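Everything below concerns the one structure shown next.
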Amino acid sequence: MRNIFWQTLKKNGLLLVILIAAIIASIAVGVTPPLILQYIVDSLVSGSFSAYPLLTAGILYFALNAGSGLVDALKETLITVFGQKITHGLRSAMCQRLDELPAAYFVSHEAGAVTSLFVNDVDTLENLFDSGVVSMIADAFTILSILVVVFHLSLGLGILLCICLPLLFILTRYFQKRMLQAQRDNRIAVGRTNELIPETVHNIRTIHTCQQERYLRQRYGRTIRASFDAMERSNFCDSIYSPIIITSCTVIICLMMALSVSSPSLQEIFGMTVGSVVALIAYVRRIFSPLESIGMEIQNIQSAVAGIGRLKDFFAEPIQERKEPEVPDAAAAPLVIDDAAFGYGREKDIFRHFSLTVAAGEMVTITGRTGAGKSTLFKLILGLYQPREGQVRIFGCDPSRLAPAVRRQVFGYVEQQFHAISGTVADQISLKDPRVTAGAMEKALHLVGLWDTCCALPQGLDTPFRPELFSRGQSQLLSIARAVVMNPQILLFDEIDDYRKAGKASLNLVLSPAGLKAAQYLQKTFGTPYELHYFGLDAVVDFDDNLFSGKNVLIIHQAVAASAMAAMAEEAGAAYVTTASWFMGLPEPQGTDCVRLREEDDLRRLADNDQFDIILGDAYFRRALPNFHGQYVDFPHFAVSGRG
C-alpha cells in the first residue's frame with residue numbers, strides 16, 4: 001500500500017509541486033495584508049508620507065484580500081484533486097489485486113464487505129488527504145507563519161498566544177467532540193425512525209386489527225424525541241462556540257493593550273506602534289480559523305485509521321499462483337475425485353478419502369445432512385477450493401486451471417438461491433457474456449418453461465430486472481436457464497430438495513398467477529397435475545340463486561381468480577364466459593374466450609357492445625364503463641382498490 005502511494009506521487013509530481021506552491025501562496029497571501037496595513041497606518045500617523053507609495057500599498061492590500069479567496073479556492077481544489085488521484089491509484093491497484101486473489105477469498109468474504117472496502121474505506125482515505133493530512137499541514141504552517149510574524153512585531157503577544165493557543169485548542173476539541181457525538185446520536189435516531197416506517201407499512205393491517213396505534217405512536221415519539229434532543233445539543237454547542245472564540249480573541253487583544261501600557265518594561269516587550277496594533281489584532285483574529293480546522297482534521301485522520309487498517313489487510317491477502325491454463329480432454333471422464341480431503345482453515349476435515357467418478361450421461365445425487373459438505377464438494381468441483389489431499393479432475397484438468405473463457409461451457413451451476421445482477425432480464429441469463437446469443441436464451445427459457453412469462457413483460461427480455469417480476473420458484477427456474485444457456489457438459493444442482501418434494505405431491509393447487517409457471521414446470525418434469533383455485537368466491541356471488549343461468553358473463557380479475565370464477569360460472573349454467581386481465585399472463589382459458597387487456601380503452605370496447613349480461617370486476621372498473629347497462633357484480637381486487 002505504501003508503494004502505491006509513492007508511485008502515485010511520482011506519477012503526479014507536477015501536481016504535487018503546484019499544490020505546494022499553492023499552499024505557500026495561500027500562506028503568503030494570508031499573512032501579508034496586515035503587514036501592509038501596518039505600513040499604511042504607521043505612515044499616516046507619522047505624518048511624513050508620500051501619496052504614491054501609500055496608494056500603491058492600498059491597491060496591493062485590496063488586491064491581496066481579493067485574491068486570497070481565489071488562492072484558497074485553488075489550494076482546496078488542488079488538495080481535492082490530489083486526494084482523488086491517490087484514491088484512483090488505490091482503487092486501480094485494488095481492482096488488479098482482485099484479479100489476483102484466489103476464488104476462496106470471494107467465497108469467504110461477502111460481496112457487501114468487498115464493496116465496502118472499495119467505497120467506504122477508500123473514501124475515508126480520500127478524506128485523510130483532502131480533509132486530513134494535507135489540509136492539516138497547510139493549516140499548521142499558516143499558524144506557524146502567523147506566530148513568526150507576531151513574534152517579530154511583538155514578543156509579548158507572541159508569548160501570550162503560545163500560552164493561550166493550547167488552551168483554546170483543547171476547548172475547540174471539546175466542543176467538536178460534543179457536536180460530533182450529538183450528530184451521531186441524531187443519525188442513530190433518524191435510522192431507527194426509518195426502520196420503523198417500512199415495518200409499519202408492512203404490518204399496517206395487523207396494527208389496526210390489534211389496535212396497536214398508540215404503541216406505534218410511542219415508538220415514533222421516542223425516536224423523534226431522541227433526534228430532537230441530539231440536534232438541540234449540537235445547536236447549543238454551535239451557538240456558544242463562536243461567542244466564546246470571539247470573546248477569547250477580544251480578551252487577548254485587551255490583555256495585550258493593558259500589558260503594553262502598564263509599565264515601561266512590558267511596553268518594551270510588547271513594543272507596539274499604532275500600525276502594529278492594527279496588524280496584531282488582525283493576526284489574532286486570523287489564527288483561530290486554522291486552529292479550529294486542525295481540530296476537525298485530527299478527527300478525520302482518526303476516522304481514517306480504521307479504514308487504512310482494513311485496506312492493509314486486503315493487500316496482505318495471499319494471491320493465487322499464476323499457472324498456465326489447461327485444455328479439457330474430451331476423451332477423459334467428466335469428473336474424477338481421487339481420495340480427496342478438505343477442511344476450512346485450521347478446522348478439521350469435513351470429509352476424507354472421498355472418491356467419485358462420473359461418466360458421460362450419468363446423473364448422480366449426493367445426499368447428506370445440513371453441513372455435511374455437499375455445497376463444499378461442489379465448490380471443489382468448480383475449482384473454487386483446493387483439496388488438502390487427493391485431487392479433483394474435470395476432463396483430465398485441474399478445475400482451478402480452466403481458462404475463464406471455457407468455464408461456462410464446462411460447468412453449469414444452479415445455486416441454492418438465485419443471485420441477481422444489475423441489468424435486464426436477459427442479463428440475468430447471459431451474465432452479460434457477449435457469446436450468449438438471443439437464440440440460446442430463448443432455447444434455455446423454453447426448456448425451463450419461462451419463455452411466455454418473459455415475453456409478457458413490458459419490454460420482454462429487455463425489461464430491467466426487479467425481484468418482484470418473478471416468484472421464488474420462477475427465480476430458481478431463471479437460475480437454471482442461466483446455468484444451461486451455454487450448453488455446459490456438467491450440470492451441478494445445489495439443494496433441489498424443494499423441487500423433488502413438490503414433484504412427489506399428488507396435486508398442486510395454484511392460488512396466484514405467480515405460481516402458475518412453477519406448477520406447469522412441475523407437471524412437465526414430474527407429471528404432477530395442478531388445479532387453479534381461488535378462495536372466497538362464495539362471498540362474491542351466491543351460485544345457487546341462478547344468477548348465471550343462460551347469461552353471457554365477463555370476468556375481470558387476475559388470471560387465477562378469473563379462471564376459477566369462470567369455472568364456477570360455467571357449472572352454474574352460464575351460456576358464455578369471457579375472462580379478461582391486465583395482471584400476469586393468462587392461464588389456459590376456462591371459459592369460451594380469454595382476453596388480455598393493455599389499455600383502459602380495451603376494457604371499454606370489450607364491455608360497451610352489449611354482448612354481456614353480467615360483468616364481475618372490482619368496483620373501480622365500473623366507473624370506466626358508463627355505457628354498460630347490464631348487471632355489475634363487485635369482485636374486489638387488492639391490486640386495484642386495496643380490497644380483496
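The values are calculated or read from the model by the stated rules, or taken from the named source; none is laboratory data. The structure displayed is predicted, hence computed values, not measured ones. Because the Cβ atoms are built from the backbone with ideal geometry, glycine has one as well, and the counts that use them run over all protein chains shown. We work out accessible area using only protein heavy atoms, side chains counted, and drop any ligands, DNA or RNA first. Shrake-Rupley method; radii C 1.70, N 1.55, O 1.52, S 1.80 Å.
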message: Please verify whether R643 is outside any loop (DSSP other than H, G, I, E, B) and exposed (fewer than 14 other Cβ atoms within 10 Å of the Cβ), treating the condition exactly as stated.
response: no
task: List every residue pair whose Cβ atoms sit under 7 Å apart, with the two residues 6 or more apart in sequence or on different chains, where the first one lies in segment 104-127 and is closer than 28 Å to G343 by Cβ and the second, anywhere, is modelled with pLDDT under 70.
output: none
task: Report, by residue number, each residue of segment 453-481 that is assigned to a helix (DSSP H, G or I) and open to solvent by 30 Å² or more (accessible area, probe 1.4 Å).
output: C455, L461, D462, P467, E468, R472
query: Which of the residues belonging to segment 19-58 are in contact (Cβ under 8 Å) with a residue 12 or more places away in the chain and under 40 Å from the mean Cα position of the chain (by Cα)?
result: L19, A22, I23, S26
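Sort out which residues of segment 550-567 are without any contact (Cβ under 8 Å) to a residue 40 or more places away in the chain and within 20 Å of F628 (Cβ to Cβ), and write them in order of number.
First, the residues of segment 550-567 that are without any contact (Cβ under 8 Å) to a residue 40 or more places away in the chain: 550, 562-564, 566-567.
Passing the criteria: G550, A562, A566.
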statement: Expected output for segment 343-356 (first residue more than 11 Å from T376 (Cβ to Cβ) and modelled with pLDDT of 85 or more, partner open to solvent by 60 Å² or more (accessible area, probe 1.4 Å) and not hydrophobic (A, V, I, L, M, F, W, C), Cβ below 9 Å, 6+ apart or cross-chain) is R352/D339; R352/R388; R352/E389; H353/D339; H353/E389; S355/D338; S355/D339; L356/D338
- prompt: Residue check, I246 against (1) farther than 23 Å from V190 by Cα; (2) exposed (fewer than 10 other Cβ atoms within 10 Å of the Cβ); (3) not charged (D, E, K, R), all met but one. Which one?
  reply: (2)
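Just wondering, is there one or more residues in segment 163-177 that are surrounded by 14 or more Cβ atoms within 10 Å (Cβ to Cβ) and over 18 Å from S289 (Cβ atoms)? Working first, answer last.
As a first pass, look at segment 163-177 and keep what is surrounded by 14 or more Cβ atoms within 10 Å (Cβ to Cβ): 164-165, 168-169, 171-173, 175-176.
Filter once more, keeping what is over 18 Å from S289 (Cβ atoms): none.
Among the residues of segment 163-177, not one is surrounded by 14 or more Cβ atoms within 10 Å (Cβ to Cβ) and over 18 Å from S289 (Cβ atoms), which makes the answer no.
Could you go through segment 183-197 and let me know if any residue there is within 29 Å of the chain's Cα centre (by Cα), among the acidic types (D, E) and modelled with pLDDT of 80 or more.
Yes - at least one qualifying residue is present in segment 183-197.
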- prompt: When V17 is evaluated against the numbered criteria (1) within 26 Å of S154 (Cα to Cα); (2) open to solvent by 30 Å² or more (accessible area, probe 1.4 Å), which criterion, by number, is the only one it fails?
  reply: (1)
- prompt: Looking only at segment 265-299, which residues are surrounded by fewer than 20 Cβ atoms within 10 Å (Cβ to Cβ), at pLDDT below 70, assigned to a helix (DSSP H, G or I) and over 47 Å from the mean Cα position of the chain (by Cα)?
  reply: L266, Q267, E268, I269
message: So the check is Cβ under 7 Å with 6+ separation or different chains; which pairs have a first residue in segment 59-80 that's over 15 Å from L35 (Cβ atoms) and a second one that's open to solvent by 50 Å² or more (accessible area, probe 1.4 Å)?
response: L78/I18
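Where residues in segment 333-349 are in contact with a strand residue (DSSP E or B) (Cβ under 9 Å, 6 or more places away or on another chain) and farther than 11 Å from R388 by Cα, which of them is most open to solvent (accessible area, probe 1.4 Å)? Write out each step before concluding.
Of all residues in segment 333-349, those in contact with a strand residue (DSSP E or B) (Cβ under 9 Å, 6 or more places away or on another chain) come to 333-343, 349.
If we keep only those that are farther than 11 Å from R388 by Cα as well, we get 333-338.
Working: A333: 36, P334: 16, L335: 16, V336: 48, I337: 5, D338: 75 Å².
Of everything passing the filter in segment 333-349, D338 is most open to solvent (accessible area, probe 1.4 Å).
If you take just the helices (runs of 4 or more DSSP H) that sit entirely in segment 384-452, which of them hold at least 3 residues that are open to solvent by less than 60 Å² (accessible area, probe 1.4 Å) and more than 15 Å from F465 (Cα to Cα)?
On the way: elements: 404-410, 425-430, 438-448.
By residue number, 404-410, 438-448.
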query: Between a first residue in segment 281-293 that is on the phi < 0 side of the Ramachandran plot and a second residue that is surrounded by 19 or more Cβ atoms within 10 Å (Cβ to Cβ) and polar (S, T, N, Q), which pairs have beta carbons less than 8 Å apart while being 6 or more apart in sequence or on different chains?
result: P290/T142; L291/T172; E292/T172; S293/S135
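Evaluate segment 456-474: report whether one residue or more is among the charged types (D, E, K, R) and more than 29 Å from the chain's Cα centre (by Cα).
Restricting attention to segment 456-474, the residues satisfying the condition of being among the charged types (D, E, K, R) are 462, 466, 468, 472.
Within this subset, residues satisfying the condition of being more than 29 Å from the chain's Cα centre (by Cα) are none.
No, that holds for no residue.
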- prompt: Is it true that A230 is open to solvent by less than 80 Å² (accessible area, probe 1.4 Å), modelled with pLDDT of 80 or more and either in contact with an Asp or Glu (Cβ under 9 Å, 6 or more places away or on another chain) or not in a helix (DSSP H, G or I) (or both)?
  reply: yes
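Do you know which residues across segment 178-192 are open to solvent by 80 Å² or more (accessible area, probe 1.4 Å) and closer than 19 Å to I240 by Cβ? Give the steps one after another, and end with the answer.
First pass over segment 178-192, keeping only residues open to solvent by 80 Å² or more (accessible area, probe 1.4 Å): 178, 181, 184, 187-188, 192.
Scanning segment 178-192 gives R178, Q181.
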query: Across segment 151-174, what is the total count of residues that are under 28 Å from S239 (Cβ atoms) and in contact (Cβ under 8 Å) with a residue 12 or more places away in the chain?
result: 9
task: Enumerate the strands (runs of 3 or more DSSP E) found wholly within segment 542-614, keeping only those where 1 or more residues are surrounded by 22 or more Cβ atoms within 10 Å (Cβ to Cβ) and modelled with pLDDT of 80 or more.
output: 552-556, 576-581
